[in-house]
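Have a look at the structure below before the remarks.
Just so it is clear, none of the values below were taken in a lab; they were calculated from the coordinates. Note that the coordinates shown come from a computational prediction; the quantities given were computed from them, not determined experimentally. In this analysis, Cβ positions are derived from the backbone assuming ideal geometry, glycine residues included, and neighbour counts consider all displayed protein chains.
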């Protein structure tokens, strides 16, 4: 696998075009087979045909195998139960009907609503689960940041850092609550999706 990863890093910029033809299904089939080898929880691999999907023509020969193209984009692993796992992927192909290598990584900025629309659970139930998980993670990282502000106060002999943190945290929650009510009534699917997305974003900001 190492030489494939080195090839990914060495692919030239440019020569990008939106993908068309059988390459997407070729890559999807390979990726799904590889995933099923590692887990019985995989129901299907879905690759999105959207504005993020690109084909990059290359002409490289790592070892004895010629690589003719690299396909990249977004997708999701639909599980037997629970929310889908959103991902970004790169697939190397000899040609549009022969995939050589499929590599994926979790997509941290994936919209919660899109994630829940892929899975077997009802979207409302799935969104509530994602919101609960996002809130749990946010509380954990926020507690660490607040403790850091208290430690800074102790060194400085005042409450400047903790006061600033409280003000920022309060302003953010006011923004999140107002923005999500704008998108939909409290408890609705758009509201839950917004709450989960913005809570995830805040978590990443505080990490």
>> I'm checking my understanding of the structure. Among residues of the stretch 79-90 that are surrounded by fewer than 18 Cβ atoms within 10 Å (Cβ to Cβ) and in contact (Cβ under 8 Å) with a residue 40 or more places away in the chain, which one is nearest to residue 206 (Cα to Cα)?
In response: 82
> What number of residues within the stretch 91-117 satisfy the criterion of being surrounded by fewer than 17 Cβ atoms within 10 Å (Cβ to Cβ), in a helix (DSSP H, G or I) and in contact with a strand residue (DSSP E or B) (Cβ under 8 Å, 6 or more places away or on another chain)?
Replying inline: 1
